[in-house]
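Reading through the structure tokens given below for one structure.
The values are calculated or read from the model by the stated rules, or taken from the named source; none is laboratory data. For clarity, every value in this text was computed on a predicted model and none was experimentally measured. With ideal geometry, Cβ positions are generated from the backbone for all residues, glycine too; neighbour counts draw on all protein chains shown.
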Amino acid sequence: MRCPYGCREAHRKQYSTQRSVEYYRTDAGKGKKKTQNGKRRRQERNPNSEKESAENISRPEANKGEWNAQMVEHVRVVTSLIEGRRVNLDEILKMLSRILRQPTHTRRRRMDYIVGHLNKASP
């Protein structure tokens, strides 16, 4: 009789994982895993998103304005270092357009902000 709770499947997965771990700890397994990881890294790279030749980058879906290419690249590198992964150019442009779309009230004095608000919607 088989267990109705799926124990057979759980044991099969557990032993499969155990076999894989044992194999990848051998010299042959380490070499194969290194090769597999290298292939994955090569597939993740996209040469079109890495290098931008234009001085200003314009992406209509991200922002209607133009971005300074050097600044965007700097933000991309710093974000990649902070997150511990490669962040592509499209992610950075979407992030910048989302952040810079928000209104900033810190550039005006508080009184100027209140007066401006009252002029828009007077009581």
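Tabulated results
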| item | result |
| --- | --- |
| Residues being closer than 30 Å to Asn68 by Cα and modelled with pLDDT of 75 or more - total across region 101-123 | 1 |
| Helices (runs of 4 or more DSSP H) (entirely within region 1-76) containing at least 2 residues that are closer than 23 Å to Arg98 by Cβ, in contact with a helix residue (DSSP H, G or I) (Cβ under 9 Å, 6 or more places away or on another chain) and modelled with pLDDT under 90 | 47-50 |
